[in-house]
Amino acid sequence: MAQNRAFIFDMDGTLIDSERVWIEAIHDALRARGVPVAFAEVERLEYGRSWQDIYTDVKARWPDAYADRQAMEAVTEKRYNEITAARDIRIPGSIALLRRLVDAGRVVTIVSGSTRRRINEFIEQSGLQDAIGHFVGCEDYHRGKPAPDCFLLGAERLGVEPARCVVFEDATAGVRAAKAAGMFCVALRRPECPPQVLKDADLILPDLSLFAEEQLDLLSELQSQTEPACQCCQSRHQQIQERP
């Protein structure tokens, strides 16, 4: 199965350390319209979610803040660009894995809650135009994570069955979406970010550069046993699932 796998990367929080920047930008955009929102409240509103879902919640809670999603996006993106202008927010280990897979000729794409324009900017800045063509942005699907729609669409565009896809994620909603889509999920644990529930992932790593396909092969073998033969099998599965 190894050579037939496709690899799907989330972008915000997985490939780039943008989640916290977006939280700050959204917080500033709401405060600019007189919304007395706490930073922690914006963290809960934003982390791991699509733009459409974020704006839907903003509109429901503060209907007078922004007339439409585009107006809020314009203000938020301006602030985001100001914050990131002098900062490289790419996550080194994740970028290293992405390039390793691309260099090995593997099928790779990005499925994100960000806009297609933002994803394309990342691809161009990283010099990956020839390697990633069928990416999925928030405009391409209606239900955001934890619904599986975005990942299923990514698999469809790649022409790969969901069961042969491996998703790299960092957020609770993303992990749940990947598993709901019937895909393997490798979670990036980031202690410096808001706590996420990653226990449903097949593998949890502190740095995606540590990923090796052999880990998935062994997990597949163990998971094919509906009832592990002994306690040591269960223990071994747990050791593989969550790397320190």
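A few comments on the model shown:
- Expected 222 nm ellipticity per residue - DSSP helices of 4 or more, -39500 (n - 2.57), all of the chain, to 500: -14000 deg cm²/dmol
- Scalar couplings 3J(HN,Hα) for region 54-64, obtained by applying the Karplus form with A = 6.51, B = -1.76, C = 1.60 to θ = phi - 60°, are 4, 5, 4, 5, 4, 5, 5, 8, 9, x, 8 Hz; x denotes Gly and Pro.
- Annotation: amide H of CYS185 within the under-5 Å range of VAL167, ASP202, LEU203, sequence separation 5 or more or interchain, hydrogens built in the peptide plane.
- Gaussian network model of the chain, Cα within-10 Å springs - most flexible of LEU203, LEU219, LEU98: LEU219
- Distant-in-sequence amide H partners of PHE211 (H built 1.01 Å from N, under 5 Å): none
- Antiparallel DSSP beta bridges within the chain, percent to nearest 5: 5 percent
- Dividing the Cα radius of gyration of region 19-84 by 2.2 N^0.38 Å, with N the residue count, gives 0.97.
- If you look at the Cα atoms of region 10-131, you get an Rg and a Dmax of 15.7, 51 Å.
- Database remark: amide H of SER18 closer than 5 angstrom to the amide H of GLY13 (H placed geometrically; neighbours at sequence offset of 5 or more, or on other chains; Pro and chain starts carry no H).
- If only the Cβ of Lys and Arg carry +1 and only the Cβ of Asp and Glu carry -1, the dipole of the chain around its Cα centre is close to 200 debye.
- The tail of the calculated P(r) for region 78-188 beyond 16 Å holds 62 percent of all Cα-Cα pairs.
- Mean projected area (nm²) of the alpha-carbon convex hull when the chain is viewed from all directions: 13.4 nm²
- Phi angles of region 29-38 translate, via the Karplus equation with coefficients 6.51, -1.76, 1.60 and θ = phi - 60°, into HN-Hα couplings of 5, 6, 4, 5, 9, x, 8, x, 9, 7 Hz per residue; Gly and Pro are given as x.
- Gaussian network model of the chain, Cα within-10 Å springs - most flexible of ALA201, ALA173, ALA32: ALA32
- The value of relative contact order for the chain, using C-alpha pairs under 8 Å at least six residues apart, is 22 percent.
- Note, ³J(HN,Hα) from phi for region 104-110, Karplus 6.51, -1.76, 1.60, rounded to Hz, x at Gly and Pro: 7, x, 7, 7, 9, 8, 10
- Neighbours of GLU46, meaning other residues whose beta-carbon lies under 11 angstrom from its beta-carbon, give a summed charge of -4 when Lys and Arg score +1 and Asp and Glu score -1.
- Under 18 Å of direct C-alpha separation, and excluding same-chain neighbours fewer than eight residues apart, LYS145 reaches these lysines: LYS179, LYS199.
- Residues considered: ASP140, ASP12, ASP64. Largest GNM mean-square fluctuation over the chain, using C-alpha springs under 10 Å, is found at ASP64.
- Ranking of HIS27, HIS134, HIS142 by neighbouring Cβ atoms within 10 Å, starting from the fewest: HIS142, HIS134, HIS27.
- Longest exposed-site-free window of the chain, the sites being trypsin sites (Lys or Arg not before Pro) in a DSSP loop that have at most 12 other C-beta atoms within 10 Å: 88-198
- Per-residue Cβ neighbour counts within 10 Å put VAL42, VAL167 in the sequence VAL42, VAL167, beginning with the fewest.
Just so you know, all these numbers are worked out from the coordinates, no wet-lab data involved. All of these numbers come straight from a predicted model, not from anything done at the bench. With ideal geometry, Cβ positions are generated from the backbone for all residues, glycine too; neighbour counts draw on all protein chains shown.
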